[in-house]
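Below is one structure, written out as structure tokens; the observations come after it.
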Amino acid sequence: MFSSLSRRVATATLLSACAVLAQPSFANEADRYRGQIIAANYGSANLPAPLGALVCPAAPGRDGIPVHFETEVNGPVYPEDFIVRGQSGDVRPVLCATFDPSDDVGDRRSILLVGEFGDADDQPASVEVVGDIWSTDFSLSYQGAYADMIPLEAPPSLILAEVVPEEEWDLDNPGTPLPWGGGTGCPSEGTEQVLRVAWSGGVRAVGGAEVTPQEWKRYKVAIRTENRRIKFVEPFAVGDLNDQDNNHELCLDLTGKPLAVRYPAGLLIDPNNDVNEATRIRVKRNPASFFGN
């Protein structure tokens, strides 16, 4: 009996310890509800005219900084919601702030800032949210969120991978003929689950065209199958194309738990024509599944 009681106490102690470890520590109560910027990069020192004109009248020829949040955020957003600084702490004025081109359902975690931010020899150093920006469920405030700037010459890399809820699949959507906004959906036939991946900036195939199977079939997804084996698979199709944003939807034709995504070097470019290096990322975990499989 004593042995059984000891085992129960030990188990309870272990679970309590795991629960404590699962909780992040906060310097103050406000930090508990503050969302994070997962990446911000000096993506372009000269926005192309056709793209810039869709953002704001002053955009063509200006600079672009995509800022990526850990959740989708509520709009509208305004230039004065952000402060961009140089290495010396000087403020670089933000002229426009827009969700374009990342404005599909599930994509509204990336905001493009447009302004005069410098050049390759005098790059912006940081971005801070000073406006009242919230996650879509109002659980997180991004006011005070801060990130150092990824430099202009950095190659594009994966910054997020997450399972797309079925209500957001948007199957068979052909997209729109517009240069920005309205990406394609996964095919209804064969799709068992959809995985969204986000890059640090908009990506295209080397040469500037939209990605084709030659590029997207190089994605590899690690999946834990129902018999708990790890299997590496490639998507049978890819959605969220033809909108020039930083997101792809990997259409998978099998069930299982996605664990990680990897992509090889040399196939994609960002708006600065930097070619990607090999990159990999874990699939974002649902906090509710801490004690799950």
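The values are calculated or read from the model by the stated rules, or taken from the named source; none is laboratory data. Predicted model only: the values in this text are computed from it and were never measured. A quick note on method: Cβ atoms are made from the backbone with ideal geometry, for glycine too, and the neighbour counts reach across all protein chains shown.
Table: residues versus (1) closer than 13 Å to Pro156 by Cα; (2) out of contact with any Cys (no Cβ under 6 Å at 6 or more places or on another chain); (3) in a loop (DSSP other than H, G, I, E, B).
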site	(1), (2), (3)
Arg218	no, yes, yes
Ile223	no, yes, no
Gln244	no, yes, yes
Leu250	no, yes, no
Thr255	no, yes, yes
Pro258	no, yes, no
Val261	no, yes, no
Asn273	yes, yes, yes
Arg280	yes, yes, no
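Looking at Glu189, Glu128, Glu153 in this structure, which one is of a type in the set (Asp, Glu), surrounded by fewer than 16 Cβ atoms within 10 Å (Cβ to Cβ) and over 30 Å from Gly256 (Cα atoms)?
Working: Glu189 fails: over 30 Å from Gly256 (Cα atoms); Glu128 fails: surrounded by fewer than 16 Cβ atoms within 10 Å (Cβ to Cβ).
After ruling out the rest, the residue left standing is Glu153.
Tell me, which residue of region 78-104 that is surrounded by 15 or more Cβ atoms within 10 Å (Cβ to Cβ) and either more than 16 Å from Ala40 (Cα to Cα) or among the hydroxyl-bearing types (Ser, Thr, Tyr) (or both) is farthest from the chain's Cα centre (by Cα)? Among them, the one singled out is Leu95. Tell me yes or no: at least one residue of region 81-94 is part of a strand (DSSP E or B) and in contact with a helix residue (DSSP H, G or I) (Cβ under 6 Å, 6 or more places away or on another chain). Scanning region 81-94, I find at least one residue that is part of a strand (DSSP E or B) and in contact with a helix residue (DSSP H, G or I) (Cβ under 6 Å, 6 or more places away or on another chain), so the answer is yes. The set of residues from region 144-176 being in contact with an Asp or Glu (Cβ under 6 Å, 6 or more places away or on another chain) and either of a type in the set (Asp, Glu) or in a loop (DSSP other than H, G, I, E, B) (or both) comprises Pro155, Pro156. Taking first residues from region 138-153 that are within 13 Å of Ser200 (Cα to Cα) and partners that are surrounded by fewer than 21 Cβ atoms within 10 Å (Cβ to Cβ) and of a type outside the set (A, V, I, L, M), the Cβ contacts under 6 Å between residues at least 6 apart in sequence or on separate chains come to Met149/Ser126; Pro151/Gln123; Leu152/Gln123; Leu152/Asn272.
The residues of region 87-121 that are farther than 20 Å from Tyr146 by Cα and without any contact (Cβ under 8 Å) to a residue 60 or more places away in the chain amount to a single one, Asp121.
In region 83-100, the qualifying residues are those that are of a type outside the set (S, T, N, Q) and under 13 Å from Gly64 (Cβ atoms), and the one that is modelled with the lowest pLDDT is Asp100. Could you tell me whether Ser102 is part of a loop (DSSP other than H, G, I, E, B), farther than 12 Å from Pro79 by Cα and of a type in the set (S, T, N, Q)? So Ser102 passes the test.
Scanning region 129-149 for residues that are among the charged types (D, E, K, R) and within 15 Å of Ser88 (Cα to Cα) yields one hit, Asp148.
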